[in-house]
């Protein structure tokens, strides 16, 4: 299947000499929710800004829905909706006026029925005549989404869309994003909230220091890089792991009140049966067993940390 966004060799070096992007290659599939994760300054916003035509690339190429973003700028940009991080809105305009204007910017004919549908889905219909300056921060963010959807884009970029909003609004936005995807819109999401990516994304990309560390299906990523742990709650606390068990992937937890065993869920033999047998042989008594799995946040932190270590060694 032809990707709806294709990025090849994308570079961005600012006048200061700072390299914000370093040879990024990325394909986004039509109709997916793609989460782009990375720490502050990793290059997420620069990447989005280039695709959306706000920032010029230093090298490389990008096509959006089959249109080169430089050679065929108008057609490419008309396919894209962008919800930026900043709450920059027309403070003295009404909600209705600003979304109608946004639609007209892309040369779309008036379609009040579509705009009403968008505002209703974002719980903004009863605010349509309100001045934007009178709205709460959460409502202003909803207006930004409405503006981005006004011209019916096939691709929607959400740059930290739920930063600073309450939990209820965050869940409303998640539901809206899923509904958009079901209607065929491709969603590219940057977020600091790892649970947001874990909840919604089909695929995950991790960017760090301007380089794409990996791109993977979320489920595959969790399976390949995630780990499972068995916590053995002890009857008596320990100061150290017994020397006879030192060859096992064991560490003390809960202040010495538990032994934590890490194992690979993909292996046919997890080694748990052998662990419990050896605990019995060593006279280690326990009263409870609990298993837990890595979260996407654990994986992300590990990837970024390992990337930083590799860069320091280089």
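Calculate how steeply helix 272-281 sits against the longest principal axis of the alpha-carbon atoms of the chain, using the helix alpha-carbon long axis, and give the answer as 0 to 90 degrees to the nearest 10.
The angle comes out at about 30 degrees.
Taking 2.2 N^0.38 Å as the expected size of a compact globular protein, what ratio does the Cα radius of gyration of the stretch 28-165 give against it, to two decimals?
So the stretch 28-165 has a normalised radius of gyration of 1.08.
Hey, what did the stretch 1-121 get for relative contact order, percent, Cα under 8 Å, at least 6 apart?
It rounds to 21 percent for the stretch 1-121.
Which percent, nearest 5, of DSSP beta bridges in the chain are antiparallel?
Here the antiparallel bridges make up roughly 70 percent for the chain.
When the Cα centres of the stretch 97-125 and the stretch 1-48 are compared, how far apart do they sit, in Å?
First find each Cα centre; the distance between them is then 29 Å.
Calculate the FRET efficiency for residue 13 and residue 216 from the Cβ-Cβ distance with a Förster distance of 35 Å, rounded to the nearest 0.05.
0.80
Output the direction-averaged projected area (hull surface divided by four) of the convex hull of the alpha-carbon atoms of the stretch 108-190, in nm².
5.6 nm²
Taking only the C-alpha atoms, wrap a convex hull around the stretch 57-126 and report its volume per residue in Å³ as a whole number.
133 Å³
Say R0 is 25 Å: what FRET efficiency, to the nearest 0.05, do residue 29 and residue 114 get from their beta-carbon distance?
0.50
Counting alpha carbon pairs within less than 8 Å and at least 6 residues apart, what relative contact order, in whole percent, applies to the chain?
19 percent.
Once the piece of chain linking residue 171 and residue 128 is laid out straight, how much longer is it, given 0.36 nm per residue of separation minus the C-alpha distance between them?
13.3 nm
Over the stretch 227-293, what lengths in whole Å, largest first, do the semi-axes of the equivalent ellipsoid take, defined as the square roots of 5 times the eigenvalues of the alpha-carbon gyration tensor?
Equivalent ellipsoid semi-axes, largest first: 18, 13, 11 Å.
How would you rank 252, 279, 189, going from fewest to most other Cβ atoms within 10 Å of each one's own Cβ?
252, 279, 189
Can you tell me the orientation of helix 296-313 relative to the chain, as the angle in degrees between its alpha-carbon axis and the longest Cα principal axis, to the nearest 10?
Taking the Cα atoms of the chain, the angle to 296-313 is about 90 degrees.
Where does the chain land at 222 nm, in deg cm²/dmol rounded to the nearest 500, when only DSSP H runs of n ≥ 4 count, each adding -39500 (n - 2.57), divided by all residues?
Theoretical 222 nm ellipticity from helices: -10000 deg cm²/dmol.
Using packing as a proxy for protection, rank 228-236, 194-202 so that the peptide with the highest average count of other Cβ atoms within 10 Å comes first.
Listed from highest to lowest mean packing, they are 194-202, 228-236.
Treating the angle as unsigned and between 0 and 90°, give the value, to the nearest 10°, between the Cα long axis of helix 112-121 and the longest Cα principal axis of the chain.
The helix 112-121 is inclined about 30 degrees to the chain.
Separation between the residue 243 and residue 228 pseudo-spin-labels, each 7 Å from Cα along Cα→Cβ, expressed in nm?
The two pseudo-label positions are separated by 3.4 nm.
Counting only C-alpha contacts under 8 Å and six or more residues apart, can you give the relative contact order of the stretch 227-293 as a whole percent?
About 49 percent, as a whole number.
Readers should treat all values here as calculations from the given coordinates under stated rules, not as data from a laboratory. Quantities reported herein were computed from a predicted structural model and do not represent experimental measurements. A quick note on method: Cβ atoms are made from the backbone with ideal geometry, for glycine too, and the neighbour counts reach across all protein chains shown.
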